[in-house]
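The values are calculated or read from the model by the stated rules, or taken from the named source; none is laboratory data. Since this is a predicted model, take the numbers as computed values, not measurements. When we count neighbours, we look across all protein chains shown, and the Cβ atoms used for this are built from the backbone with ideal geometry, even at glycine.
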Amino acid sequence: MGSLVGVRSLAGQVFLLQSAVVVLVVAAALAALVVQAQHDSTADARDRTLAAAESFANSPGILAALASPDPTAVLQPSAEAARKAAGVDAIIVYKLDGITLTHSDPSQIGKRVIGPYAQAAAGQPFTRTFQGSLGLSVVSAVPVEDVHGSVVAIVSCPLTVERVQHRVSRQVPVLFGSAAGALVIAAGGAGLVSRRLRRQTHGLGPIEMTRMYEHHDAVLHAVREGVLIIGGDGRLVLANDEARRLLELPADAEQRHITDLGLEADLAELLTSDRAATDEVYLVADRLLAVSKRLAAPAGSAGSVVTLRDTTELRALYGRAETARERLKLLYDAGGRVGTTLDVQRTARELADVAVPRFADIATVELFDPVLRGEEPPGAGTEIRRTAAAGLQGGGPFYPVGKLIRFSTSHPIAAGVVSGRAVLAANLSTSDGWRAQDPERAERILDHGVHSLLVVPLRARGVVLGTVAFWRANASPRFEEEDVSVAEELAAQAAVCIDNARRYTREHAMAVTLQRSLLPRELPAQTALDVAYRYLPAHAGVGGDWFDVIPLSGSRVALVVGDVVGHGLHAAATMGRLRTAVLNFSALDMPPDELLGRLDELVARIDAEEAAGAGAPGIIGATCQYVVYDPVSGQVVTATAGHPGLAVVHPDGSAGFPQVPINPPLGLAARLPFESAELTVPEGSRLVLYTDGLVEDRDRDLDTGLEALRGALAGPDRTPEATCAAVMEAVLPAQPRDDVALLVARTHRLAPNQVAEWDVPRDPAAVPPVRNACVRQLEEWGLEHIAFAAELTLSELITNAVRYGTEPITVRLLRDRTLICEVSDGSSTSPRMRRAQATDEGGRGLFMVAQLADRWGTRYTPTGKVIWAEHALHNGTALVADDLGLTASGNSGTGPHGQHSTHSNGESPQGSSSAAQRRDATDPSTTRRPPVTTARPCLPGLEPS
């Protein structure tokens, strides 16, 4: 053992070194122990005094004790008990005037004390350390606050810090014992180290080892290749001078992990892996290094040797390849980022954004105004609008986005538009054509650091849509000819996207125009309903939703809402066809179920015709709801074809969805009859019709949407306009994917004094009394100025019903915006108007009715038919026989004083009937015909009302 740890041996030297280290560690531990003991004692004293003071200051009953006649008698026992429990020197309570209320020394009670308690008196607790007669001490003071937050007393708690020597003396034996054990272990370790060193150095002494190291070091640092030796744990064992120079390694690089040396990620990955390499090229700083790596052991776990050769001459080739790669990646990214929408302006912004900063520092896109509107671009011109820009910080000296700019013919942008080819202005400071546009602005642009410009026209289908201008500034290199091809390819991709967006904009504008032309521009005048509506096209494009308000005979009104599946021109055109069909069918006064049946046949016929065409799309889906409201009875008749049902809001504010028979969408009924529902609503109710786009969405099912609609409709009575606003605000999806149509109608009733009705026996003698009663009713209504025309109309219609109809026969007058005369009977045959020949005795009765009335027609009921005629209330012209053109035909004449000798119903004063009465109706055996509405022809000297 003695030979192993001799002073001259390596092990002896190690042992001496370890002994010195142990002594230094023991001394340092002793000093640290003293400092730590001092710190711990002081910290413990501060914590204990502050905790004791706060606990006593906030203890229950202290405020009551302070307010008692003798606070000391109450608080002194508690303070002593708390002092012993907390292990502090004293718990002292002072009044704000310094009088001591409690103290561990009773002789101090009642004395005035002057101390640094101003902070506590201000409501802030504190702890301080001071050197007292007993040594280092700590005192903490805490204010006592009443319920109002006012300080009424101060609790002070002093404590003498324990002497450090007491604590250190307890640790010294342990410390010295540990030092002795460390020396013993060090001696044993030195012996073991000496044995191991002899085996590993193969018996070489220090001199031989030093000589061998010097030879190795000379060879290693003399070679012109970098050499790295890396351990199996990834740490750098050795690096020669050349390797340090090539990799710019820090001075302390050895024994550090490869990943901590700041190397490039790909090179560091190779050096730390178990993979061998031969002349792999890596970019390190501004050098290209050829790296070769060999594993030091077959398994590679013992480390590796790496050689590095500088191949900077390959840098130029690598730079060109990298530039090409970046350009290809730019074009690839542009294909995914430009043209994400069919919006022209957004596509232009995407082009500018993708070019900055990867290709240019600033990019601006200018487009012709017709392109922005979806129209074809002009053939030539230099007036162009800046549509998008990127890279402009605060706008700068450039023209703002949205400005219409007229470029001079010498400007590179104008030259690019006119020639249709790219224009390169590598050095703007020497470009006179660019400066000529606006010299002052050009100087400011140059002062902004911009120095190079590349303009490329945006061409699609051989037409120039605009230009894109790329600008480089400050430290960026100037544009070169190699950049032109990249810019042209980028502009070509963007031009196709912009042209697609332009064509979509044009189609969308056409669809919107078509749809607006097909939808009602204003609601028709009528008094049965107060109507308000909302129509909102979908974000995806124009759809096929539509609505209508159609006045019918008898003051009735039809409400229609429909939906054609899909968007675009086809959906809008189909909507127009269906709306026109509904208008035509409603003119025939069909009931809702029959009207939807006819509409279903029409849709099926259109589908069949278009399916037989050259791939023309049919109506892939359409729904409709048709509602008829009668203001006389308050009855609502509704039928629906695959459409959401009607909502009814009663005057009391309750809302519901009446049960309506479910019918399939249009075109799918397979010739099955449609069903309708009837209900009676009180006056002031609101009828709500809507399309599914309002209540249904991808994020919300139909039931949830209907409940939301019910909640929005319920509540106090609102006007239809206010109802529309409330529904749109509460129910409308945030991003509607379908069109939304909403129709709200509040019902009115005709007052009883606006309706007059008579039952007529099937007897020609009953005609005059009924006619006279009608005339009296008109006089009561103040309609004497149209009584003559109405009397003639009623006479003809009643006589036809008596002669050719069946019972029951009823006459009804309605005073609304017009005077409505209705004659109903139990027959389903309808009279028709025909043009009588000059030799015919009759056939002119309905012709006369058509001349007298503004409108007339027939509608069928479940019990028969109603023939009606309308007279305008403002028509005050007294019609005479000459105006009717009857005297020429010899069918009626005038007396000596110009008065009618024959009544308009064909009866003579003695009750005889005219020939017109006998031939105005069809034969009772005539099959049922669709109702006919005939517009009033113009009488001589009168304009149609």
Return the residue satisfying two criteria in turn: it lies in the range 27-64 and is more than 30 Å from V147 (Cα to Cα) and of a type in the set (D, E, K, R), and of such residues it is surrounded by the most Cβ atoms within 10 Å (Cβ to Cβ).
D44
Hey, E54 among the acidic types (D, E), under 23 Å from T127 (Cβ atoms) and at pLDDT below 85 or not:
yes
Filter the range 327-339 down to residues that are surrounded by 12 or more Cβ atoms within 10 Å (Cβ to Cβ) and not basic (K, R) and give me whichever is modelled with the highest pLDDT.
V338
Which condition breaks for V423 when tested against (1) more than 30 Å from R506 (Cα to Cα); (2) modelled with pLDDT under 85?
(2)
Residue count, the range 351-401, condition touching a residue at least 40 places away in the same chain (Cβ under 8 Å), under 27 Å from R444 (Cα atoms) and of a type in the set (D, E), comes to 2
Candidate set: the range 581-594, residues that are within 18 Å of L523 (Cβ to Cβ) and touching a helix residue (DSSP H, G or I) at 6+ places or on another chain (Cβ under 8 Å); chosen: the one surrounded by the fewest Cβ atoms within 10 Å (Cβ to Cβ)
S586
Please identify the pairs in which a residue from the range 772-792 that is assigned by TED's automatic domain parsing to the domain that holds G845 has its Cβ atom under 7 Å from the Cβ atom of a residue that is of a type in the set (K, R) and in a helix (DSSP H, G or I), counting only partners at least 6 apart or on another chain.
E791/R771
Residue within the range 87-98 that is of a type in the set (G, A, S), in contact (Cβ under 8 Å) with a residue 60 or more places away in the chain and closer than 11 Å to A141 by Cα present
no
Filter the range 643-667 down to residues that are surrounded by fewer than 17 Cβ atoms within 10 Å (Cβ to Cβ), part of a loop (DSSP other than H, G, I, E, B) and in contact (Cβ under 8 Å) with a residue 12 or more places away in the chain, then give me how many there are.
10
Write out, first by first residue and then by second, each pair whose Cβ atoms fall under 7 Å of each other, whose residues are 6+ apart or on separate chains, and whose first residue, in the range 213-236, is over 17 Å from R309 (Cα atoms) while the second is among the acidic types (D, E) and outside any helix (DSSP H, G or I).
L236/E254
Got at least one residue in the range 504-521 being in a strand (DSSP E or B) and not hydroxyl-bearing (S, T, Y)?
no
Of all residues making up the range 67-89, the number that are in a loop (DSSP other than H, G, I, E, B) and either surrounded by 18 or more Cβ atoms within 10 Å (Cβ to Cβ) or out of contact with any helix residue (DSSP H, G or I) (no Cβ under 6 Å at 6 or more places or on another chain) (or both):
5
For the range 548-579, which residues satisfy the criterion of being within 30 Å of V823 (Cα to Cα) and without any contact (Cβ under 8 Å) to a residue 40 or more places away in the chain?
D548, I550, P551
Do we have any residue at all in the range 803-810 that's buried (at least 21 other Cβ atoms within 10 Å of the Cβ) and either within 60 Å of the chain's Cα centre (by Cα) or closer than 28 Å to V637 by Cα (or both)?
yes
State whether the residues of the range 709-718 include one that is modelled with pLDDT under 90, within 21 Å of the chain's Cα centre (by Cα) and of a type outside the set (V, I, T).
no
Among strands (runs of 3 or more DSSP E) completely within the range 124-190, the ones holding 1 or more residues that are modelled with pLDDT under 75 are 126-132, 135-145
Inspect all residues belonging to the range 477-485 and state whether any of them is surrounded by 19 or more Cβ atoms within 10 Å (Cβ to Cβ) and assigned by TED's automatic domain parsing to the domain that holds A363.
yes
Members of the range 363-404 that are over 26 Å from M510 (Cα atoms) and in contact with a His (Cβ under 9 Å, 6 or more places away or on another chain):
T382, G396, P397, F398
Counting just the residues of the range 720-737 that are closer than 16 Å to L706 by Cβ and under 15 Å from the mean Cα position of the chain (by Cα), which one comes out surrounded by the most Cβ atoms within 10 Å (Cβ to Cβ)?
L732
Can you list residue pairs whose Cβ atoms sit under 8 Å apart, with the first residue in the range 751-763 being aliphatic (A, V, I, L, M) and the second being assigned to a loop (DSSP other than H, G, I, E, B)? Count only pairs 6 or more apart in sequence or on different chains.
V755/V632
Kindly indicate the residue of the range 753-774 that is aliphatic (A, V, I, L, M) and surrounded by fewer than 16 Cβ atoms within 10 Å (Cβ to Cβ) and also nearest to T799 (Cα to Cα) among those meeting that condition.
A765
Is there a residue being closer than 30 Å to S824 by Cα, buried (at least 19 other Cβ atoms within 10 Å of the Cβ) and of a type outside the set (A, V, I, L, M, F, W, C) anywhere in the range 558-575?
no
